[in-house]
Structures are given as C-alpha cells and as structure tokens.
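The values are calculated or read from the model by the stated rules, or taken from the named source; none is laboratory data. For clarity, every value in this text was computed on a predicted model and none was experimentally measured. Don't worry about glycine lacking a Cβ; one is built from the backbone with ideal geometry, like all the others, and counts go over all protein chains shown. We work out accessible area using only protein heavy atoms, side chains counted, and drop any ligands, DNA or RNA first. Shrake-Rupley method; radii C 1.70, N 1.55, O 1.52, S 1.80 Å.
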Amino acid sequence: MTMAEKVLARTSGRDSVAPGEYVTCRVDRVMCHEAFTLCGLQLASLGVQELFDPDRVIVILDHYFPTPTEQMARGHVIARDLVERFKIRHFLGHAGICHQVLTEQGHIKPGDLVLGTDSHSTTYGAVGAAGAGIGLTEMTYVLATGELWLQVPPTLRFELEGNPGPGLMSKDVVLHLAGEFGTEVAQYRAIEYAGPVAERMSIASRMTMANMGVELGAKFALFEADAVTERYLEGRCPDAPPRFGPDADARYEAVHRIAITGLEPQVACPHNPGNVKPISKLGEVRVNQAFLGSCTNARLEDLEVAAEILRGRQVHPRTRLLVTPASHRVYLEATRAGYTETLLEAGAHITASGCGACPGGHSGLVGPGEVCISSTNRNFRGRMGSPEAEVYLGSPATVAAAAVAGRLVDPREFWKGTTLS
Amino acid sequence: MERLIRGRVWKFGHNVDTDVMAPWNTISEPWETRRKTGLHIRPECVERVQPGDLVVAGRNWGCSSSREHAPENLKLLGIGAVVAESFGRIYFRNSIAIAFPNLACPGIHEGCEEGDELEIDVRTGQIQNLTRKMSFQAQPFTPEILSILEKGGLLNVLRERLGVAAPDSTGSP
Ligand code: SF4
C-alpha cells in the first residue's frame, strides 16, 4: 500500500484498502483555528457536552492575530470560553501559524491521520502524516464523533532527481510542478514526493512542498518519514515512530520523474498558482510590496536566505518589504541568529507571526493596481486585498531579491546558494 | 432535497476559486453583506439570480480554501445545484455536508450555454439540457453521499446519531 492507503487502512480498522473505496476513519489529530468558534457553538447548540477526545484536539488562533477588529476579538473570546468548556488542553494561543506550530511543537507524528479546518493541512505530510483540510460542518461532526468518511485516493508519486543549481529552493520545485502538470494533477488524489532531491530536503523545505500539494489539488501530500524526520522530531515528539513510508510493492496511479538539474527559479503569475514561468521569461515587473510570510515560506531557513540576500543592501524605495515569521518561535530563533536585525537594517517591516496578509486578513493588504511578490501559496484574484492588484508567487529568495531591486529579478543576482543540497 | 432539479443556467469558466465565491474579509459578515460581495467575478449574477437557478462550470470549480462559506453563499443565493466538469475536493465535501447538490459531469461545459434550462436527476446523475435537447450523465453520487444529501446534510446525520431532533428538514445553515 502507498502511505495514504496505509494511514486510511489503519484508521478504518482494515488490513488493506484500495483507491476508490469509502471508509470511515478515526482521526489521530484534529486541528482547529478560528473556525473552532463556529464549530464549538454548533456543538453547544446540539447539546454536545464532551468532545470525542479533547486530548486529540488542538486549537490555535492564527488567522486574525493580532486581532484586527473588535468582531474578531469577540470571536477569540468565544473560542477561549469554548476551549475551557470542552476541556481542550492543547490550546496553543497565538504561537504562530497553525501548520508551522503543530509541526514544530511535535503534535504530529509520522503515519497520523490529521484533519484540520484549513486546506493547507496537507503540510503535515512533511513529517509523513496524512493531513487534509475540511470545512466547518465536517469539523463539527469530527469533534463530536472522532470519525469521518473518506474516499481512498489513488496516489501519484513525484520522484525528484538531479542536481539543483544555485538560487533554488523547494518552492521553485513545487511551482515548477504546478506549471508543468497544472493545478488539477492531483485532484482527488494523494501525492508522495520522493527521490534523492526530496530525501536531501530539510523538514522546512518539505513543508513548503507538502503545503502546496493542495495547490496541485491533492487530498494528502506526503514525504516518507526518514532519518531527516527522525532528527527533526527528536525532542519534539517523543512517541514518534522512527520511520514511515510506503510498502515496497505499493501501487501508484502514475510515477513522474522530475529532473531538477538546470531548473531556474520559478514564479507564478497572476491570478493562478499554476500560471508559472521561469524568472527569465517575465520581462519588467515593478513591485510595490514584497511579502515574506505564511505557512508556505516563513520558516527559519527562509528568513536566513532573505537575510543573506538583504545583508548590506537596502529595500528599494518604491517597494515595501513585509516579513511575517511563521511562528513566534521562528521569530525568536531568527532574532537570536541575527536575521531580524539584518532585515530591519535593510528596511524590512517585521510583523507579529500569524496568517496576516496571506489570506487578505490584515497587516499588508494590497490596493488596486499594486503588484505584490509573495512567498505564499495562492495568488487568486482578490486573495490579498484588491481584485485589481496583481500577486506573483515566488521563493523567499525571489521575494528578497525583488525587495532589493524594486522589480522581479533573478535571485541568483544576489545569492548563489541553494537550500536543496 | 428534491430529486428533480430544474433551472436556468449561469455559466462560469475553469478554476473558479473559493476566494472569489467568498472573499476572506467578508466571511464573518452577515449574509446581507456577503450577498453583495460574493462571486465578484460576475457581480451581475448576484444581482439577477433567481431562486432555483443553476450554475454550470468548467474544471476545478471551488478550488482553494476550506471555507464552507463558498458553497454556502451559493446555496443562500438560491442556486439549486452546480454542475461542473470537476471540483476542488474540499469545496465538494463541504457542499455535501451542507446538502447542496454539486455534480461532476464531463462534457457539460461544452454542452451548455448561459440561459439554457437543465433538468437534473440528483439520484441517478442524469442531466437533460431541455433547451438544446441534449442529455448528459454526471457521476452518480454514492449511496453514502446520497444519504447525507437526503438527510439534509451532515449536521442532521450528527443529530440523528446524538438523538437530537432536527430543527427543519432542509438542513440549511
Ligand atoms: S498562512 Fe495563509 S495559507 Fe497558511 S494557514 Fe494562514 S491563511 Fe492559510
């Protein structure tokens, strides 16, 4: 069985499952962000006194933090009351963006089935967990029962091979997949990322690719839990199994071999993550806002690359650089490492950690006619503010380079490194 | 849920995402506000839609986020059903959970124009384009999904499981 099949077989109490089957699964971990307020109120109105297992439920308030409006603040007040009422121990407050925090605090184990009120729950695949996003009503059902029906997806395998050149990050690889295969390639499917390039990736780089698995349409986007995972989870997640991967005879719907050698930095142009071009094919694009944030790309590794590019340079006068670290811990570690000072010296504005501008919530929405280069995962029309704004997606290196140049440029002009080897 | 749904078509293209159906900065607003700001790629549709109208779309309708407001906004607008070539998977699940019929039907985008009248058999997935005298076969719902739709959504399934009476039979949120 593939990784997805193994998770769904175990959680549905079967020896094996096959693609297309409907199974009822017991979840291992449940993640709720602000949506918890509505789910909790719904449960209360149904007279539900106890959740299926409060210790498997994690609540974190990240989308509207720091609260931009009084209404959002009210939502947070209700969420806190409900957390107490339902005796949820794992309330993570405002520790940062949900997917980053759950992973860095060791709440997710390889092989887990994780359902979250957020489409980028696929991110947990970076540590070998099957994570998927669900909506409010389904979450209400899960919180009450611990179960949900799922269809077993066929699995696509992307074998990433070759030698990444300078300037490359995992974001470029996943944007390349979106450009080559389209944003529906994994619709109703699971993804396994594998091959030597995947094996060498840090957990941070894997999180970027698992995160954007949902932009390829996927239900789950998994990396095998290997020695890199084991090292990462050591001290974070004591009861994590050391390894989790597919069976040797696993059957895939398709196996795609992707050669990374010679790949240029990639950018998704407005208004779709699949509208991808190599940076050299873009022409002149002047940038008003460079945004380094979100669960896709605002980890320590990303801030380090940005600091390397901005060290001794200045943000271009026509551009504002906003940095929103993926978690409070990342913020602290970046400060200890000296990255935040470097970024501030260059003229960056650093915000509290949370979703911020990514979904057009607060702290950096863009206006009509403005152009933004963003390290996030989606550039749909209107997502980051005005429907008349244009949002480009790129790696942290591409965002930092654009901040210096005031226009989209090849990050290799400023940075010869790569996070991929 | 009605077995036969009949209505007039609003036609959309491919990859229409949930941010367009329910922009993030509106989803905590009351319905009157959401009504005006939803589906901003076709504001005239929001103005002129009649209860029972249908949406026909291309591939990947509802891609993107897990916000349930996307199908909910369409349902509250009075859209009777959506027929698309394919769906974003979370949107699709959410539509089932709130008992809003969304059918995947290869060929529908080509075979249908704005204003056409369709008749949809939700149980069998048979679709007639009454204007063009053409028929289509959507992927039929599995018995599991059909049962959630027929009970008026997943909350009613939960009510049944908890032994709580349902407030009404429509399961509307
Ligand atoms: S950072 Fe953006 S993509 Fe990530 S959870 Fe927040 S809103 Fe969603």
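Using the beta-carbon distance between B:ASN25 and A:ARG74 and R0 = 22 Å, what value does 1/(1 + (r/R0)^6) give for FRET efficiency, to the nearest 0.05? Plugging the Cβ-Cβ distance into 1/(1 + (r/R0)^6) gives 0.85.
Between A:GLU413 and A:GLU180, the C-beta separation translates, for a Förster distance of 30 Å, into a calculated FRET efficiency of about 0.75. Rolling a 1.4 angstrom probe over the protein heavy atoms with all chains in place gives chain B an accessible area of 40 Å² per residue. For A:ASP247 paired with A:SER280, estimate the spin-label separation in nm (one decimal), with each label point 7 Å from Cα along the Cα-to-Cβ line. So the two model labels end up 4.6 nm from each other.
Annotation note: GluC sites (Glu not before Pro) in region A:183-286 located in DSSP loop regions with a Cβ neighbour count of at most 15 within 10 Å are A:GLU234, A:GLU253, A:GLU284.
Can you pull the percent of chain B's accessible area that's carbon plus sulfur, 1.4 Å probe, other chains left in place?
Roughly 51 percent, rounded to a whole number.
With contributions of -39500 (n - 2.57) from each DSSP H run of at least four residues, the per-residue ellipticity at 222 nm computed over chain B stands at -8000 deg cm²/dmol. The A and B chains share an interface that buries close to 3500 Å² of accessible area, total over both sides, probe 1.4 Å. Once the C-beta distance of A:LEU46 and B:GLU114 is scaled by a Förster radius of 41 Å, the resulting FRET efficiency is 0.50 to the nearest 0.05.
When Cβ neighbours within 10 Å are restricted to other protein chains, what is their mean count per residue of peptide A:139-148? Each step should come with its number before you reach the end.
Working: counts 3, 4, 8, 2, 1, 4, 4, 0, 1, 3.
Across A:139-148, the average partner-chain Cβ count within 10 Å equals 3.
Taking the alpha-carbon distance from A:LYS109 and a cut-off under 13 Å, which aspartates and glutamates remain once sequence neighbours fewer than 8 residues away in the same chain are dropped? Counting by Cα, and skipping residues close in sequence, A:LYS109 has these aspartates and glutamates nearby: A:ASP28, A:GLU224, A:ASP226, A:GLU230, A:GLU234, A:ASP239. The heavy atoms of A:ASP226 present about 30 square angstrom of accessible area, all protein chains included, probe 1.4 Å. Mean sequence separation of contacting Cα pairs (under 8 Å, at least six apart), scaled by the length of chain A, corresponds to a relative contact order of 18 percent.
If each DSSP helix of 4+ residues adds -39,500 (n - 2.57) and the sum is divided by the residues in chain A, what number results at 222 nm, nearest 500 deg cm²/dmol? My calculation for chain A gives -8500 deg cm²/dmol from helical runs alone.
Write out the GluC sites (Glu not before Pro) in region B:87-173 meeting two conditions: DSSP loop, and at most 14 other Cβ atoms within 10 Å of their Cβ.
Qualifying residues, ordered by number: B:GLU110, B:GLU113, B:GLU114.
Given the Cα-Cα distance of A:SER16 and A:GLU341 and 0.36 nm per residue of separation, how much length would full extension add, in nm? Walk me through the intermediate numbers first.
Details: separation 325, 0.36 × 325 = 117.00 nm, distance 5.27 nm.
Net length gain for the segment: 111.7 nm.
The alpha-carbon atoms of the protein assembly as shown define a convex hull whose volume equals 139 cubic angstrom per residue.
A 1.4 Å probe over all protein chains sorts A:SER421, A:SER205 by accessible area into A:SER421, A:SER205, starting with the largest. Here the simple spin-label model places points 7 Å from the Cα toward Cβ, and for A:ASP53 and B:GLU44 these points are separated by 5.5 nm.
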